[in-house]
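Enquirer: Below you will find the structure I want to go over with you.
The values are calculated or read from the model by the stated rules, or taken from the named source; none is laboratory data. The model shown is predicted, which means the values in this text are computed figures rather than measured ones. Here the Cβ positions follow ideal geometry from the backbone for every residue, glycine too, while neighbour counts run over all protein chains shown.
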Amino acid sequence: MTEKILDIQNLKTSFFSDGKEIKAVDGVSFTIHKGETVGVVGESGSGKSVTSLSVMRLLQDTPGKIVGGSIYFNGKNLLEIPEREMRKIRGNEIAMIFQEPMTSLNPVYKIGKQLEEAIRLHLGYDKKQARAHAVQMLKLVGLPRAEELVNEYPFQLSGGMRQRVMIAMAMSCKPKLLIADEPTTALDVTIQAQILDLMRKLGQASDTSIMLITHDLGVVAEMCERVVVMYAGKVVEETDVQTLFSEPKHPYTQGLLKSIPKLGEKVGKLDSIPGNVPTPDEMPQGCKFATRCKFVTEQCWKKEPQLEKISKDHKVRCWLHQDTEKVEEMHKVGV
Ligand code: ADP
Ligand code: MG
């Protein structure tokens, strides 16, 4: 197995308001290896963005706080280093792109200036070198008229072009890890495919690992080698992309897969999962998916299953698949 770039262990991030704790991320563990693209999927509110903001340590503008666990990046626990050191890693060794580039691009600065600032800060280039590198990056992400574009403002660009600028900015320092949080959700389908293609090519060219957050399993199938499925702040299934599509084990994953629209199907006919992610007040004591699960049993309400390894590269958090070996053993001896 190749080197681990990111190793998240038992991460817990909570939001505190009115004396109540909302466990947005509740004991999440997964790893990303060098050069690998890992998809993090789940419905809205499952804790995907909070996981990525925790890795970047970008929760200071929110009432959120990391309350437990560790995040090893290149062997170093990011939760134990001073902010000064974290600032050097952020945007340099770990870069991030968001759904809406307007929130990351400064509207009052020209495109070139913003790119150059990032490049100068992280690569230590002088003004001229930084400008040349900025233009080169804009060309690399397929933007036309790169030399003129550097003198334009973000609002003068389309959504797809702005996302390309964000990718240019994120990739300009050849990060070891790129975190992309719903990078194409706001774009139309054709542009979405182009942006994903671009990310894949750039990622491969610079051996960048990618954490790709999405609620779209189509994007996962296109882009990822491994998939982490999240539900209500927990990982419920983790496996390679082929296994996820051919043998999904968690009822939630099975529901997500069924809700992918098939060619020619009307959106109204989607077999999506009934119900919603429970609010913190309604969170069941046992399995968090119990309120929506077709296979729910008494045990599921009482006790939460562990994320259990069911084969070499497959983990599932579901009572249907707990202790498989033991169950099989029992069948063998005729219990
Ligand atoms: P996802 O990205 O999977 O849609 P998030 O990670 O953004 O979900 O959010 C997970 C949960 O964390 C939310 O359902 C909410 O309860 C809580 N949360 C996220 N951001 C905030 C915030 N700024 N203030 C309070 N609670 C938040
Ligand atoms: Mg999100």
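Enquirer: Determine whether the range 94-102 contains at least one residue that is in contact with a strand residue (DSSP E or B) (Cβ under 9 Å, 6 or more places away or on another chain) and more than 15 Å from ligand 2 (Cβ to nearest atom).
Expert: Looking for residues that are in contact with a strand residue (DSSP E or B) (Cβ under 9 Å, 6 or more places away or on another chain) and more than 15 Å from ligand 2 (Cβ to nearest atom), one finds at least one in the range 94-102, hence yes.
Enquirer: Here is a further query. Of L53, L78, which residue is within 16 Å of ligand 1 (Cβ to nearest atom) and under 18 Å from the mean Cα position of the chain (by Cα)?
Expert: L53
Enquirer: Can you tell me which residues in the range 19-42 are over 16 Å from M283 (Cα atoms) and either within 11 Å of ligand 1 (Cβ to nearest atom) or among the aliphatic types (A, V, I, L, M) (or both)?
Expert: Of everything in the range 19-42, those that are over 16 Å from M283 (Cα atoms) and either within 11 Å of ligand 1 (Cβ to nearest atom) or among the aliphatic types (A, V, I, L, M) (or both) turn out to be V28, I32, V38, V40, V41, G42.
Enquirer: For the list (1) farther than 20 Å from E182 by Cα; (2) within 16 Å of ligand 2 (Cβ to nearest atom); (3) buried (at least 22 other Cβ atoms within 10 Å of the Cβ); (4) hydrophobic (A, V, I, L, M, F, W, C), I need the number of the one condition that L78 fails.
Expert: Looking at each condition in turn, L78 falls short on (2).
Enquirer: So, of the residues in the range 14-34 that are small (G, A, S) and in a strand (DSSP E or B), which turns out to be surrounded by the fewest Cβ atoms within 10 Å (Cβ to Cβ)?
Expert: Out of the qualifying residues, it is S17.
Enquirer: What do you reckon, is V150 surrounded by 21 or more Cβ atoms within 10 Å (Cβ to Cβ), in contact with a helix residue (DSSP H, G or I) (Cβ under 8 Å, 6 or more places away or on another chain) and either without any contact (Cβ under 8 Å) to a residue 60 or more places away in the chain or farther than 21 Å from A130 by Cβ (or both)?
Expert: no
Enquirer: Right, another one. Go through the range 37-68 and count every residue that is touching a residue at least 24 places away in the same chain (Cβ under 8 Å), surrounded by fewer than 19 Cβ atoms within 10 Å (Cβ to Cβ) and more than 16 Å from ligand 2 (Cβ to nearest atom).
Expert: Summing the residues that are touching a residue at least 24 places away in the same chain (Cβ under 8 Å), surrounded by fewer than 19 Cβ atoms within 10 Å (Cβ to Cβ) and more than 16 Å from ligand 2 (Cβ to nearest atom) in the range 37-68 gives 5.
Enquirer: Next up: Against the condition touching a residue at least 60 places away in the same chain (Cβ under 8 Å) and touching a His at 6+ places or on another chain (Cβ under 7 Å), how does I5 come out, does it pass?
Expert: yes
Enquirer: Restricting to the range 105-119, name every residue that is in a loop (DSSP other than H, G, I, E, B) and buried (at least 18 other Cβ atoms within 10 Å of the Cβ).
Expert: Result: L105, single match.
Enquirer: Moving on. Which residue, of Y153, Y109, is away from ligand 2 (no atom under 16 Å from the Cβ) and under 27 Å from A193 (Cα atoms)?
Expert: Exactly one of Y153, Y109 is away from ligand 2 (no atom under 16 Å from the Cβ) and under 27 Å from A193 (Cα atoms), namely Y153.
Enquirer: Just to check your reading of the model, which residue among M137, M86, M96 is at pLDDT below 95, assigned to a helix (DSSP H, G or I) and either touching an Asp or Glu at 6+ places or on another chain (Cβ under 8 Å) or not hydroxyl-bearing (S, T, Y) (or both)?
Expert: Among M137, M86, M96, only M137 is at pLDDT below 95, assigned to a helix (DSSP H, G or I) and either touching an Asp or Glu at 6+ places or on another chain (Cβ under 8 Å) or not hydroxyl-bearing (S, T, Y) (or both).
Enquirer: For the range 129-137, check the following and say yes or no: at least one residue is surrounded by fewer than 19 Cβ atoms within 10 Å (Cβ to Cβ), free of Cβ contacts under 8 Å to residues at least 12 places away in the same chain and farther than 14 Å from R164 by Cα.
Expert: Checked the range 129-137: at least one residue is surrounded by fewer than 19 Cβ atoms within 10 Å (Cβ to Cβ), free of Cβ contacts under 8 Å to residues at least 12 places away in the same chain and farther than 14 Å from R164 by Cα.
Enquirer: Follow-up question, since we're still on this one. Restricting attention to the range 214-230, does a residue exist that is within 16 Å of ligand 1 (Cβ to nearest atom), buried (at least 23 other Cβ atoms within 10 Å of the Cβ), touching a residue at least 12 places away in the same chain (Cβ under 8 Å) and under 29 Å from Y125 (Cα atoms)?
Expert: No, every residue in the range 214-230 fails to be within 16 Å of ligand 1 (Cβ to nearest atom), buried (at least 23 other Cβ atoms within 10 Å of the Cβ), touching a residue at least 12 places away in the same chain (Cβ under 8 Å) and under 29 Å from Y125 (Cα atoms).
Enquirer: Related question: Of all residues in the range 178-194, count the ones that are crowded, with 23+ Cβ neighbours inside 10 Å and either aliphatic (A, V, I, L, M) or away from ligand 2 (no atom under 16 Å from the Cβ) (or both).
Expert: The total comes to 3.
Enquirer: Also, I was wondering about something else. Can you say whether V25 is under 22 Å from K288 (Cβ atoms), under 18 Å from the mean Cα position of the chain (by Cα) and of a type in the set (V, I, T), as far as the supplied structure shows?
Expert: yes
Enquirer: I've got another one for you. Restricting the range 274-300 to residues that are in a loop (DSSP other than H, G, I, E, B), touching a helix residue (DSSP H, G or I) at 6+ places or on another chain (Cβ under 6 Å) and hydrophobic (A, V, I, L, M, F, W, C), which is farthest from ligand 1 (Cβ to nearest atom)?
Expert: So the residue we want is F295.
Enquirer: Go through the range 165-258 and tell me which strands (runs of 3 or more DSSP E), entirely inside it, have 3 or more residues that are of a type in the set (D, E, K, R).
Expert: 234-240
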